[in-house]
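Colleague: Next up is a structure, given as structure tokens.
The values are calculated or read from the model by the stated rules, or taken from the named source; none is laboratory data. Just so you know, these numbers come straight off a predicted model, no measurement behind them. Here the Cβ positions follow ideal geometry from the backbone for every residue, glycine too, while neighbour counts run over all protein chains shown.
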Amino acid sequence: MKAMILAAGLGARLRPLTNSIPKPMLKVAGKPLLEYHLERLSHAGITEIVINISWLADQIEDYFSDGSDFGVNINWSHEDIPLETGGGIFNALPALGSAPFLLISGDVWTDFPIETLLIKPMESKNLAHLVLVDNPEHNLMGDFSLEHSRVGFEAERHTYSGISILSPELFNDIDAQKNVFPLRNVLRPAILSNRISGTLYSGEWCDVGTLQRYNKLHKPITEG
């Protein structure tokens, strides 16, 4: 299985840090966030990685190069302007191939065991499998419900972790001219068609999306 890491965002809410450092290169305990993802993927046996980059892309590409120093092979997907989550994936599909692939947001910190997603293949009728987490303070309403391993929009919702397995078929109906769009645009119709499964994870997870959350994460991990 291949994997894609989303790393093209501007990181506007992390300014001024991200004025000169791309968000995935922010360090936690001395290493860039993106490096932790590559280590976990390599440990799980996933070595073919596609990473989309845009803002301050040279810093990311110069640091990781072809990925060989980190036990993986990186295929860089360049974006002149950030295409958002869905558009970035859609743009990278030629490099990802026709089989389901693992997706990770480059700006999350987690100890989620990626290898558990590889044990059982995704059901053939499914277009995606999402890893959900308990709602953090900044997203108390949550994103999706989960009942009998099926993802929906019922009253009790959980937060999407940024980790999932996606089938390229999820993007079959996307107009090639509309290449800037969020992932939720393709998830919603698939959820309404009951074609997305999910897992609830209760371990460590943090969306490093603001200065406050980055500082809150960085301090205890550095001290630990």
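Colleague: Has the stretch 83-103 got at least one residue that is touching an Asp or Glu at 6+ places or on another chain (Cβ under 6 Å) and either at pLDDT 90 or above or closer than 20 Å to Asn185 by Cβ (or both)?
Modeller: No: the stretch 83-103 contains no residue that is touching an Asp or Glu at 6+ places or on another chain (Cβ under 6 Å) and either at pLDDT 90 or above or closer than 20 Å to Asn185 by Cβ (or both).
Colleague: Let me ask you something else. Yes or no: the stretch 134-141 includes at least one residue that is in contact with a helix residue (DSSP H, G or I) (Cβ under 9 Å, 6 or more places away or on another chain), at negative phi and in contact (Cβ under 8 Å) with a residue 12 or more places away in the chain.
Modeller: yes
Colleague: Which of the numbered conditions does Leu192 fail, given that it passes all the others? Conditions: (1) under 17 Å from the mean Cα position of the chain (by Cα); (2) loosely packed, with under 15 Cβ neighbours inside 10 Å.
Modeller: With respect to (1) under 17 Å from the mean Cα position of the chain (by Cα); (2) loosely packed, with under 15 Cβ neighbours inside 10 Å, Leu192 is out only on (1).
Colleague: Is at least one residue of the stretch 89-96 in contact with a Leu (Cβ under 7 Å, 6 or more places away or on another chain) and over 27 Å from Asn172 (Cβ atoms)?
Modeller: Checked against the condition, which is being in contact with a Leu (Cβ under 7 Å, 6 or more places away or on another chain) and over 27 Å from Asn172 (Cβ atoms), the stretch 89-96 yields no hits at all.
Colleague: Within the stretch 111-130, work out how many residues are surrounded by fewer than 13 Cβ atoms within 10 Å (Cβ to Cβ) and over 27 Å from Gly209 (Cα atoms).
Modeller: Residues meeting the conditions: 6.
Colleague: Determine, yes or no, whether Ser65 is among the hydroxyl-bearing types (Ser, Thr, Tyr), over 17 Å from the mean Cα position of the chain (by Cα) and closer than 24 Å to Leu170 by Cβ.
Modeller: No: the conditions fail for Ser65.
To keep it simple, each residue is scored yes or no on (1) closer than 19 Å to Gly45 by Cα; (2) over 14 Å from the mean Cα position of the chain (by Cα); (3) not charged (D, E, K, R).
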| site | (1), (2), (3) |
| --- | --- |
| Asp107 | no, no, no |
| Phe112 | yes, no, yes |
| Ile119 | yes, yes, yes |
| Lys125 | no, yes, no |
| Glu137 | no, yes, no |
| Gly152 | no, yes, yes |
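Colleague: Provide a single number: the residues in the stretch 143-164 that are β-branched (Val, Ile, Thr) and out of contact with any helix residue (DSSP H, G or I) (no Cβ under 6 Å at 6 or more places or on another chain). If you could, list the steps in order and put the result at the bottom.
Modeller: Filtering the stretch 143-164 down to residues β-branched (Val, Ile, Thr) leaves 151, 159, 163.
Next cut, out of contact with any helix residue (DSSP H, G or I) (no Cβ under 6 Å at 6 or more places or on another chain) only: 163.
Summing the residues that are β-branched (Val, Ile, Thr) and out of contact with any helix residue (DSSP H, G or I) (no Cβ under 6 Å at 6 or more places or on another chain) in the stretch 143-164 gives 1.
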